[in-house]
Amino acid sequence: MKSKRQEKILELIEKYNIETQEELIARLAECGIESKQTTVSRDIKELYLYKEPIGGGRSRYAVSGKADHIDNTKRLKLILNECSVGVDYAGIVVLLKTLPGLADAAGAAIDAMKLPDMLGCISGNDAVAIVARGEQEAERLCGELRQYCK
């Protein structure tokens, strides 16, 4: 899954001084994520990673300031397209069903959207419960999220 791989890439470059794509691919493999060079190269571009000097003529991957400007709607759509199974609502609660283990990523993306109709959300293993401000808002949120689901 692209979103899981990209999250892991960001985690790895924060934790380690990763100098090459090959090293990044090896670190991903250690985490159980097999990747090809072309895929990692594309991820580096999409995540706005760049090489920053670390001394001694060496450099490592880091997140560019441009990454702060990634459109959250685009990110949400990408994450939900990758991991969602469906969405429905009852009363003021909207329930987004995901593939097992991916609800946290979906919940984080939804939180990042700062949707005005939402009070907050709670993620489990394969579902995100989103609390809306009212029943009309829940219906509207459900409709909004359906456009991102497969």
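Mind checking the angle between helix 103-113 and the chain's longest principal axis? C-alpha axes, 0 to 90 degrees, to the nearest 10. Tilt relative to the chain: about 80 degrees. Taking the chain as the reference, fit the longest principal axis to its C-alpha atoms, fit the long axis of helix 37-46 to the helix C-alpha atoms, and give the angle between the two in degrees, 0 to 90, nearest 10. Here the helix axis deviates by roughly 60 degrees.
Could you give the angle, 0 to 90 degrees to the nearest 10, between helix 135-146's Cα long axis and the longest principal axis of the Cα atoms of the chain? Once rounded, one gets 40 degrees.
Every helix of 4 or more DSSP H residues in the chain counts as -39500 (n - 2.57), and over all residues that averages to -14000 deg cm²/dmol at 222 nm.
Each value in this text was obtained by applying a stated rule to the coordinates, not by laboratory testing. All values derive from a computational prediction rather than experimental measurement.
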